[in-house]
Each structure stands twice: as structure tokens, then as C-alpha cells.
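Structure first, then comments.
The values are calculated or read from the model by the stated rules, or taken from the named source; none is laboratory data. It should be emphasised that the depicted structure is a prediction, and the values quoted were computed from it without experimental measurement. No Cβ is skipped: glycine too gets one built from the backbone with ideal geometry, and neighbour counts run over all protein chains shown. Surface areas here come from the heavy atoms of the whole protein model, side chains and all, with no ligands, DNA or RNA. Shrake-Rupley method; radii C 1.70, N 1.55, O 1.52, S 1.80 Å.
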Amino acid sequence: MSVAYLKEKMRQAGNADAVAIGSHCISYQELTEKLDQWQSFLANSTLPAGAVVSVKGDYSADAIALFLALANYNAIIIPLSNDSATQFDEFTNIGQVEYEFAQHDNQYILTPTQVTADHQIYQEIRQRGTPGLVLFSSGSTGKSKAIVHDLAALLTKFTVPRNTMRTVLFLQFDHIGGINTLLYTLANGGMAIIPENRRPITVCKAIEMHKGEVLPTSPTFLNLLLLSGAAEESDISSLKLVTYGTEPMPASTLEAMSARFPNIRMLQTYGLSEVGILRSKSRDSNSLWVKVGGEDYQTKIVDGKLCIKSKSAMLGYLNAPSPFDSDGYMNTGDQVEQDGEWIRILGRESEIINVGGEKVYPAEVESAILQLDGVEDVVVVGIRHPITGMTVSADVKITTQESLSEFKVRLRKHCSGVLPGFKIPTKIRLIDDYTHNARFKRMRRKA
Amino acid sequence: MDSSDIEKIVVNALQLTNQSRSDNTQIPISESTVLFGKDGHLDSMALVALLMDIEDALAEESIDVSLSDEKAMSSSRSPFKNLTSMTQYISDVIAEQS
């Protein structure tokens with residue numbers, strides 16, 4: 001799909017609301033006009049086609065229109081949202097940014113950086129004559145990798161018309177999930193609801209105000225949503241579908257969601273920045289079993305790990321070797337259990353804790369701990385120990401006034417009833433801060 | 001910190017362990033109780049947890065030591081056999097590491 005196709009779809013949507021930022025709504029017509037303006041700005045600029053351009057800032061009508069205009073101009077776009085503000089310099093460096101669009105007094109200003117981007121993958125995109133998109137992996141288990149996509153290939157999948165929905169845009173456009181939701185919404189005349197922040201109460205109020213129907217989010221956010229009671233203070237009855245991905249779902253959180261919101265369908269999505277978001281189907285709302293794929297994807301399981309081949313896969317990493325095998329499959333590193341065509345995601349291979357030869361998936365232990373009253377957040381990691389090789393460590397944020405010793409007893413008593421001994425945390429720490437990053441994904445990076 | 005203080009910390013940690021255990025798996029707290037090894041009351045996971053708890057208790061007294069060094073594992077006489085050997089091992093580690 002070209003941007004021209006998308007623009008035509010947007011034109012057809014006319015006066016309908018395209019994007020709501022806080023309480024401010026922008027219609028398709030306004031957005032298309034802004035797109036016209038940015039297209040003529042670029043046409044009259046000295047920006048070469050194929051230039052590597054960063055766009056700093058969060059969603060706004062301007063930012064979305066600029067993004068689409070740059071795509072139409074065949075630029076290689078590096079969106080830098082404030083979620084990763086602390087890494088702007090690192091990303092600008094790795095991405096070899098040649099031009100920067102940054103906001104000054106609410107106006108995007110274009111500045112050259114005097115850098116020349118000569119990476120081989122960039123040269124390939126320029127030869128293809130298509131726009132590019134560079135995203136960075138979250139680095140939850142290591143260093144951020146720069147992922148380069150052919151943006152035209154990503155856009156193609158939105159040519160199939162789908163349901164028109166009012167969807168909360170939980171992730172920014174420097175995340176594959178954010179890009180996916182935004183393009184889906186614009187291609188189908190839907191409305192993207194952008195909450196002012198990702199606090200549960202703000203998200204619920206945005207759903208109430210704009211009658212949101214779909215909430216794509218992470219298990220960590222859903223857990224906080226349940227604990228915060230934000231849903232009791234707002235009318236979120238318009239919500240029909242919650243999709244969750246980016247990290248394994250604790251069974252306890254899924255059960256609690258289904259019990260609390262029986263009318264909301266729960267759907268697991270599976271996506272990676274490298275291969276895009278796969279179409280997926282949960283066995284039922286209460287189930288962690290999922291079928292992933294879709295017309296553009298092929299999957300296979302090798303040594304228990306999910307491997308994906310995608311028509312819209314990235315071209316490669318700027319700062320790491322290619323992860324694709326000779327047949328074009330990428331090993332996701334996610335360990336899965338298989339039951340016919342259904343799979344259940346256990347966790348990342350790199351996060352498995354090997355306790356005396358027994359495998360422990362952090363998500364399973366986190367799920368058990370989250371069942372305890374007064375537990376607001378938890379992250380489980382493995383730490384080295386000479387006796388058992390590795391041992392399970394849990395950092396827990398609690399809302400009770402218990403001492404560490406009191407909480408240890410309560411946690412271990414509970415866990416010994418639901419987990420085998422080797423999965424019960426030996427090291428337990430009480431923490432003051434949340435364990436997730438700005439996108440509500442648990443960070444298991446070792447200090 | 002002398003031996004009796006350390007022993008107290010180990011005993012407290014054992015009591016904490018007992019609080020998380022069912023009635024029929026309680027560890028009798030006495031000099032003669034075999035903690036770890038042949039006929040010991042603790043399996044390796046429980047021993048690791050006990051050592052972590054002792055580390056936490058020592059940290060509260062501003063003593064930061066690691067009780068999980070390779071040497072203890074390879075020592076010909078297990079330092080984790082009983083209350084006495086455990087107390088001795090911890091005082092040695094404190095003397096060495098601080």
C-alpha cells in the first residue's frame with residue numbers, strides 16, 4: 001500500500017474523528033489537510049529522498065501527518081517518542097540520523113546533522129525506492145537493537161478492509177504495536193484514542209470520553225488496571241475487546257480480568273518488532289492458548305522455540321547480525337508449548353531460570369505472587385548461586401505495611417501451595433518503584 | 001559480632017523458615033539437628049533460601065557478605081551441616097570479607 005492509497009481512504013472518511021488526544025479531536029479532513037501541507041513542505045525542501053530522518057515527540061496531528069508525508073517522500077524514518085527520551089542520543093547515533101525533525105514552540109523544525117548514513121541496509125532501501133522505518137527493541141533483556149523495515153511492505157497489509165473501531169493508541173509510533181494500531185485505524189476510518197498518559201485512571205477516562213471499543217495493551221498494565229480500581233471510577237462499558245501482548249500473560253491476571261469484565265473479549269496478540277504483528281486467535285477469553293499466523297506469516301517450532309517467516313519482516317539490524325535462517329525464518333527465542341495448532345507462550349529462552357537443571361519461567365512465578373493480596377507489582381529473575389546453579393529472585397512492590405520477614409513468610413507459604421519447591425523464590429526484596437518501562441513492559445534486565 | 005550473635009541470627013532465620021513450613025516439616029532447632037547433608041532437614045533450595053535470609057539479617061546489622069561462595073561448596077566438611085558448623089562458617093566469612 002502506498003501512502004496515496006491511505007490518503008484516499010482518509011479523504012473518504014471526511015469529517016469523522018480520526019484522532020483524539022486528551023479531549024481534543026482531530027477529523028480526517030484536518031489530518032488530510034495537514035498531510036497536504038507537509039507533502040508540499042517536503043517537495044519544496046532540499047531533503048534528498050532516502051534520507052534518514054528522525055521525528056522527535058509524541059503523537060499529535062502534526063506528527064502523524066509528518067510521518068505519513070515522510071513515508072510518501074521515501075524517507076527512512078526514525079520515530080523517537082518521549083518513551084525513550086533517555087536514549088535519544090544513543091538511537092540517533094546507531095541510526096546514523098541525517099536530518100532531525102524536532103518541535104520548537106509547537107512547530108516541527110528540520111535540521112541537518114551533517115552525518116552521512118551509509119549503512120548497507122539503508123543503501124538497499126534507497127535502491128528499492130521505498131520508505132524505511134527504524135525501530136529499536138526495548139532492550140528488556142540486553143542492548144537495544146536497531147530494526148530496519150521497508151515501510152512500504154508494512155503498509156501493504158492494511159489494504160485489506162477490516163472493522164472500523166475506536167481504539168486506544170497505547171503505544172507510540174516508535175513501537176511496532178503503535179504503528180500497527182495507528183495504520184489499521186487510519187486505513188479503516190476508525191478513531192485512535194490517545195490518552196494523555198498511561199495511568200489506569202487516565203486510560204479509563206479516555207475510553208469513557210471517546211467510547212473506546214478496543215484496548216491493545218500489556219499484561220502489566222492490565223494488572224495495574226485491576227488493582228487501581230480505575231474501572232470503577234469510569235464508565236468503560238463501551239469496551240469490547242482487550243488485546244494483550246509484548247510479554248507473557250500471568251494466568252492470574254487473565255483470570256481476574258475475565259471475572260471482573262465478563263463482557264470484554266480477551267485476545268492475545270503476538271508480534272515482534274522484527275516480523276510485525278501476527279493475526280492471532282485465543283482459544284477462549286480465559287485461555288493462554290493461541291493460534292498465530294495469518295496470510296502473510298508462516299510459523300514452525302524448532303527445539304520448542306517459535307520461528308516465524310513473514311512477508312513484512314525487517315530487512316535486518318543496523319547493529320547486530322541477521323537473525324534469519326536460510327529459509328527466511330527468524331527464531332523468536334520464545335519457548336512455546338504446542339497442542340495441535342495451538343501454542344502457549346512460556347517465556348523467552350534467555351529469561352529461563354535453570355535451578356539445578358529444572359526450568360523456571362519467570363511469568364509463572366510472577367503469576368503466583370500476583371495472587372497475593374497487596375502485591376502491586378513483581379518481577380522475577382534468576383541469579384547465580386553456587387549451590388543450585390541459579391536461583392529464583394523476586395522483587396516485589398507491596399501496598400501493605402508488612403516487614404520483609406513477614407512478607408517472606410506469606411509469599412513462601414502461598415507459593416509452596418501452588419508451585420514446586422524449585423520455583424519458589426529464595427531471594428525476596430521489597431522495592432519502591434514499578435518494574436515496568438514507559439510502555440508497561442516488565443524489565444528483566446539484570447543490574 | 002561474636003559467635004552467639006551469629007548463632008542468634010541463624011536461629012532466627014531457621015524460625016522464619018519454619019513459619020513458612022507445614023506442621024509436619026518443621027525443623028527442630030537444636031545443636032544436634034542435621035540441617036543439610038545426609039538426613040538433613042533442608043534440601044538445596046531450602047538451604048539457598050536460608051542463606052539468603054541470613055544475608056538479609058546480616059545486612060540489617062550493616063554486614064554485607066555473600067554466603068554463597070564456591071569455597072563453601074567444595075569444602076571437604078560441609079559448613080552447612082548443623083547450627084554449630086554454620087555459625088562457624090559465617091564468622092569465618094565475615095572475618096574474611098570485611
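Structure values in brief
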read-out	value
Count of residues meeting criterion [in a loop (DSSP other than H, G, I, E, B) and closer than 26 Å to A:Gln123 by Cβ] in the range A:37-74	9
Filtered residues of the range A:9-36 (kept if polar (S, T, N, Q) and under 26 Å from A:Leu135 (Cβ atoms))	A:Thr32
Residue among B:Leu16, B:Leu67, B:Leu42 that alone is open to solvent by less than 40 Å² (accessible area, probe 1.4 Å), outside any loop (DSSP other than H, G, I, E, B) and either within 14 Å of chain A (Cβ to nearest Cβ) or hydroxyl-bearing (Ser, Thr, Tyr) (or both)	B:Leu16
Any strands (runs of 3 or more DSSP E) falling wholly within the range A:294-379 and containing at least 1 residues that are within 24 Å of A:Phe422 (Cα to Cα)	A:305-310, A:330-339, A:342-348, A:353-355, A:358-360
Which listed residue, of A:Asp303, A:Asp296, is modelled with pLDDT of 90 or more, more than 19 Å from A:Gln120 (Cα to Cα) and either open to solvent by 60 Å² or more (accessible area, probe 1.4 Å) or in contact with a Ser or Thr (Cβ under 8 Å, 6 or more places away or on another chain) (or both)	A:Asp303
Selected residue (criterion: nearest to the other protein chains (Cβ to nearest Cβ)) from residues of the range A:352-396 that are acidic (Asp, Glu) and surrounded by fewer than 23 Cβ atoms within 10 Å (Cβ to Cβ)	A:Glu358
Filter pass, B:Asp56 being charged (D, E, K, R), at pLDDT 90 or above and under 13 Å from the mean Cα position of the chain (by Cα)	yes
Enumeration of residues in the range A:410-428 that are open to solvent by less than 40 Å² (accessible area, probe 1.4 Å), closer than 16 Å to A:Ile352 by Cβ and either of a type in the set (Ser, Thr, Tyr) or more than 7 Å from every other protein chain (Cβ to nearest Cβ) (or both)	A:Leu419, A:Lys423, A:Pro425
Hey, A:Phe158 touching a helix residue (DSSP H, G or I) at 6+ places or on another chain (Cβ under 6 Å) and in a loop (DSSP other than H, G, I, E, B) or not	no
Check on A:Ser282, surrounded by 18 or more Cβ atoms within 10 Å (Cβ to Cβ) and not hydrophobic (A, V, I, L, M, F, W, C)	yes
Any hit, the range A:422-438, residues being of a type outside the set (S, T, N, Q) and assigned to a helix (DSSP H, G or I)	yes
Tally, over the range A:300-335, of residues that are touching a residue at least 40 places away in the same chain (Cβ under 8 Å) and β-branched (Val, Ile, Thr)	2
Checking A:Asp433 against (1) away from every other protein chain (no Cβ under 14 Å); (2) in contact (Cβ under 8 Å) with a residue 40 or more places away in the chain; (3) under 27 Å from A:Ser84 (Cβ atoms), the condition it does not meet	(2)
Selection status of A:Asn72, out of contact with any helix residue (DSSP H, G or I) (no Cβ under 9 Å at 6 or more places or on another chain), at pLDDT 95 or above and not basic (Lys, Arg)	no
The lone exception for A:Asp83 - which of (1) closer than 28 Å to A:Thr332 by Cβ; (2) modelled with pLDDT of 95 or more; (3) surrounded by 15 or more Cβ atoms within 10 Å (Cβ to Cβ) it fails	(2)
Unique residue being free of Cβ contacts under 8 Å to residues at least 40 places away in the same chain and over 22 Å from A:Thr388 (Cβ atoms) when the list is B:Ser44, B:Ser98	B:Ser98
Residue list for the range A:274-289, restricted to those being in a strand (DSSP E or B) and at pLDDT below 90	A:Gly276, A:Ile277, A:Leu278, A:Arg279, A:Ser280, A:Lys281, A:Ser282
Flag if B:Ser66 is modelled with pLDDT of 90 or more and among the hydroxyl-bearing types (Ser, Thr, Tyr)	no
Residue in the range B:30-39 that is surrounded by 13 or more Cβ atoms within 10 Å (Cβ to Cβ), touching a Leu at 6+ places or on another chain (Cβ under 7 Å) and part of a helix (DSSP H, G or I) present	no
